[in-house]
Structure formats: structure tokens, C-alpha cells
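Read the structure below first, then the notes.
The values are calculated or read from the model by the stated rules, or taken from the named source; none is laboratory data. Please read all numbers here as calculations on a predicted model, not as lab measurements. Please note: Cβ atoms are built from the backbone with ideal geometry, for glycine as well, and neighbour counts cover all protein chains shown. Side chains included, ligands, DNA and RNA excluded: accessible areas come from the protein's heavy atoms. Shrake-Rupley method; radii C 1.70, N 1.55, O 1.52, S 1.80 Å.
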Amino acid sequence: MRTRKRKILTWIAIILIAAILVLGGTAWYLDARLEPILKEQLQSKVRESSNGLYRLELKGLTIKLFLGRIYLTEPHLIADTARYKQLKSANLAPQSVFDVYCQSIALTDINFWNFYKSKKLTTGLLLVKEPRLLWIKDLTIPGIKKKEPPKTLFELLKPVFNSIALTEIKFVDGEVVYKRIFGKRNTILNVGRLTVLLDDVLIDSLAEIDSTRFFYSKNIRVRIEDHEYLSPNKRYKIVVGQLNLATNDSSVTMQNVTLKPQYKKQDFAKMVGEQTDRFSISVDSISIEGLHLKSFLFDERIMANKISIVRPFIEAFRDKNLPNKNLKEKLLFHEMLQQVKHEVLIKKIQVTDGRVEYEELPLGRAKSGTIYFTNLNATLTNVSNLLNPAKPMISIKSSAFLMGSGELIVDFNFPVNPKEKTFIVKGKIKPMELKRMNPALQSLAFVRIKTGKLNSMDFTIKANSSTSKTRMEFLYDDLEIQLLNKETGTTENQGFVSTLVNAIIISKSNPIPEVPIRIANTTYHRDKTRSVFNFLWKSLFTALKPSVGITDNKEEKIKSLKEKQVSHKLRKKKKKEDKSRKEQIEKQVQKD
């Protein structure tokens, strides 16, 4: 009995081994036969579909039929330069040319039997390692005008596949180099350390119109790490620590974003050759919600629900010792938005916990002055160049601490309609010690505040592109200033003038007991070669002078007194020199 069982088991083992050998041999035979056929078919299809413009090189192609796997080693899609020249001479060349390479491509869990029966390809993972894409777009070449609309991806694949379904596609450690040629203006953008993940990819007759899919995928996730970009003028480097994009919730997040100037403060304007602002910017994070990716990619429309900017730090520096050659008219904020050629609609921009510093080196001075704002928070709504009668204004509500002390609250309202020119700025500053302004005033205005407290400042600016009207109510106590020598930056030889200014020109307080509050109403005509910030500052400064009691008559009076003081000093100096010369002559006569 035992012998019989042993024989049966032996025969079963022999049959299984034979079956495995037959199946293995068949698989090996089919793999060996299919591999060169598939390789030739791929290369032939690439040539035919590209009209001879591209060729496909493969170092290796391996098929594991019964394991459901296909491996491609070092596939390389190469543009034929000779063929491109032929197409270019015949005005048939495309604007964009590509060179694509990767270390390997692997497809797993392929259902070959399902494809054989119904021409439906289903796979698990498509893994692409170290892809490299070179994209050259030559805008000097006119685009090819086609009579018929371009075919969809499914229409191109339909002769071979009824549908393609992939669980996941991974592009790992990729790099994209984009070169844009437009006459002498060429742009190069290099993106490295790129990872792209596509979930639940389906290509069939209905996927094209499936609103839940983006490029046939339920979700596309893109991650870019340590990206650097040098501006075309070579003055700045933009660095993004990490960028993440997801299509399922239309979100984009960026971490550790910086704009780094490539020259030091003292050298920047010299390298440019003229007076200009040098910016240094760092942002902890930027997040975009509800970005309309298809509109952005295909129609170049910038549409988003919300942009959040966390802890931005902006430093601006200007050296006024260089000539100001840029005398072009500067556009205001809403005018710049109206000049954008693409449609823009950002429902909300939120700025949280920012800091802004402006530093300026005056003409002929060695020391600069700085004004800064801390704890900056702002909300911008309806940032748009699209006309909507229900939303005619761009609104900005902001708050910050001036010189880290007095709370500043400012609201801006700009028109969206380019025919409407008037915009309004309303603001207030809460109590602060005025001496906190000295780091800016000492170098920029040659004035030092000795004492003084700001109780409140309320202002309204109604302006257009050329003129502003400002109403200001500036309440303060115990104001006393010291004028500084423009050459030395000290109070040397300024005591008399400072005394006159405090006694005659400015008022010590507002209001003065039993005197109505001084309210300034002024007009300022804009220098259109200067920025919107200069326009607003000059509008405020024009109103600030009468708010502290300075009038044109008083200024003329102090100017006359200063001229008399200078004249008196010159006479005194001349008298002293004449006396010294007379004494020298007398001594010489005595010697003779």
C-alpha cells in the first residue's frame, strides 16, 4: 500500500515538474519572441506618429509574461535635428521640441490575458526612475495651424487599446529643463529633485470628460525640493525649499521661499548702473487653495480661492548717491493689475505676521536711515482685473506696528474698472513715543525728536494717478525737535535754529488748551516717476507739516532767519580773519 502511494506521489511530482518546465519554456520562448517584436513596434510607432521627427532608443526591454511585468532600460526619445530642419524649412516644424530620457521604466501586475481578450490594458504600478526632460520652445517659429482639432490621448491609442487603467504612476528623482527662445530674450528654467505621483489613472472614451479627473488621474501629486532659479537679469536668485501640489483639492504649498540679491547693498546699484531698489525677501510658507489648474495651464488664467502668506520678511534698500535714470511713469497698484494680459481673480490673500523694512542712503551721506513695520497682517479681497458690477473694488485691510511701537491700521480701496481712476486710503496710528521715529528721521530728514508723544493720528487720502487730497487729524503732546547738521549728522551749530523752530515754527501740542484741534486738508501733485509708496508718503508728509503748525509763512520766516544767521557768521568770520591779518602785519612791521 505504501509503495503504491509512493508511486502516485512520484508521478504527481513528475507531472508538476513537467508542467513547470513546459510553462517556463513556453514563457521563455514567448518572452524571447515578443521582446524584439515589441521593441521594433515601439520604435516604429514613434517614428510614424512624429512624422520622422523623433526616434526611440532602448538599451534593453524585458517581458515577464506570466509575472505580468515589463521592464525598459534607459529608454531615450531623441529629436532628429536633420528632420527638424527639413520641417522648419517647410514651415511644418512645431514650436516645441523634446528630449526625454530615464534610467528605467517598470510596469507591474499587467493582465495580459484581459488585454488579449478585450484590448483593455490593466496594470498596477508604472515606475519611472530618474526621468530627464529637456523642453525647448522656440517662439520665433510660427505655430502650425491645423484644420482639425488635435486628437485626444484616447483617440491616439484607440487603434491598440480600448482602455488603459493604472493603479499608480510614479516619476522618481526627475529633472525638467525648459528653454524658451524668443529672439534675443532666452529663458532657462531648471527644476530638479522632482517627484510626481498619479493615482487611479484611466484612459478611455469617458475619462476625457470626467470632471473628477485631471489628466486622466483622480489625483496628481507633485513635489519639488530645493529648487533654485536665477532671474534673467542675474540680479536675484529665487529659492524654494519645497513645493507640493495636489490636484484633488487644487492646492499648492511652498516652504522656505526666498528672493536673494546677488550683490551686497553697497554694490547692487553700482552693478545696475543707476539708482534702484534692492529687495531681499524671505517667506516661511505660501499656500494656495482652490487653484484652477486647467485654466492656468491651458488658458493662462490666474484663478484661486485663497493665498496664504506666513511670516514674510521684506527688506528694501536704495542708494541715492547714484543717478536716477529710470524716469518712466510708475503705475499704481490697480493700474499694474489692469495691465496684466491674462485674466486674474484671487478671491482672498491673507498675510500673517510679516515684517517690512525700508532703508535709504541719502545723497552725500555715509549713514542710512531705516523705517520698519512689524507684526504686519493684511487681508486682500477681490484681487482681480475682471469687471464685476457686484464687486467693483479691490479691498486691502492691514495692520502693523510702526517702528515696532505704534499700531498702524490702514484700509485701501482700489477700483477694478480701468475707467475709474480714484482710490481711497484710510488709516490711523495709535499712541506711541515719537522718539521711536528717530532711526528714520535722523538720516532721511536731518531731524531728531527730543520729546513728544503721539496720541492718535487719523488720515484719509483720496487720490488718482496724478493728485491726492489728504485730510489728517494728528493729536500729540510735548513735541520738541533738534535739527541736525547735514554734513556731520550731529546738532553742531544747529542749536539756534532748533530753538527758533521749536519756538516759532512748530506747535508743542495739538490741541493747544482753549484752541480748536488743527485738522490739515492738503493737496499733493504726484511725481509720476516715483512709486505708489512714495506717492502715499509724500501725501502724508504734506499733511503732516500743517498738522504740527508749519505754514508757508513760518517756513519763509525761518528761512530768512537762517540766511541772516549764516550772513552773521560770515561777517563774524571775516572780521576775525581781518583782525588776524592786521595783527600779523603789525608783527612784521615791528620786526623790520
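Residues in the range 305-335 that are under 30 Å from residue 419 (Cβ atoms) and touching an Asp or Glu at 6+ places or on another chain (Cβ under 7 Å): 3 in all. For the range 340-360, the criterion of being open to solvent by 30 Å² or more (accessible area, probe 1.4 Å), of a type in the set (Ser, Thr, Tyr) and closer than 30 Å to residue 272 by Cα is met by at least one residue.
Taken over the range 407-423, the criterion of being in contact (Cβ under 8 Å) with a residue 24 or more places away in the chain and either in contact with an Asp or Glu (Cβ under 7 Å, 6 or more places away or on another chain) or open to solvent by 60 Å² or more (accessible area, probe 1.4 Å) (or both) is satisfied by 418, 420, 421, 422. Would you call residue 115 assigned to a strand (DSSP E or B) and aromatic (Phe, Trp, Tyr)? When the stated conditions are applied, residue 115 does not pass them.
Taking the range 239-344 and the helices (runs of 4 or more DSSP H) fully enclosed by it, no element has 3 or more residues that are within 30 Å of residue 391 (Cβ to Cβ) and at pLDDT 90 or above.
A single member of 313, 373, 317, 296 is of a type in the set (A, V, I, L, M, F, W, C), open to solvent by less than 40 Å² (accessible area, probe 1.4 Å) and assigned by the TED database to the domain that holds residue 402, and it is 317. When the range 233-271 is limited to residues that are among the aliphatic types (A, V, I, L, M) and touching a Gly at 6+ places or on another chain (Cβ under 9 Å), the one that is least open to solvent (accessible area, probe 1.4 Å) turns out to be 257.
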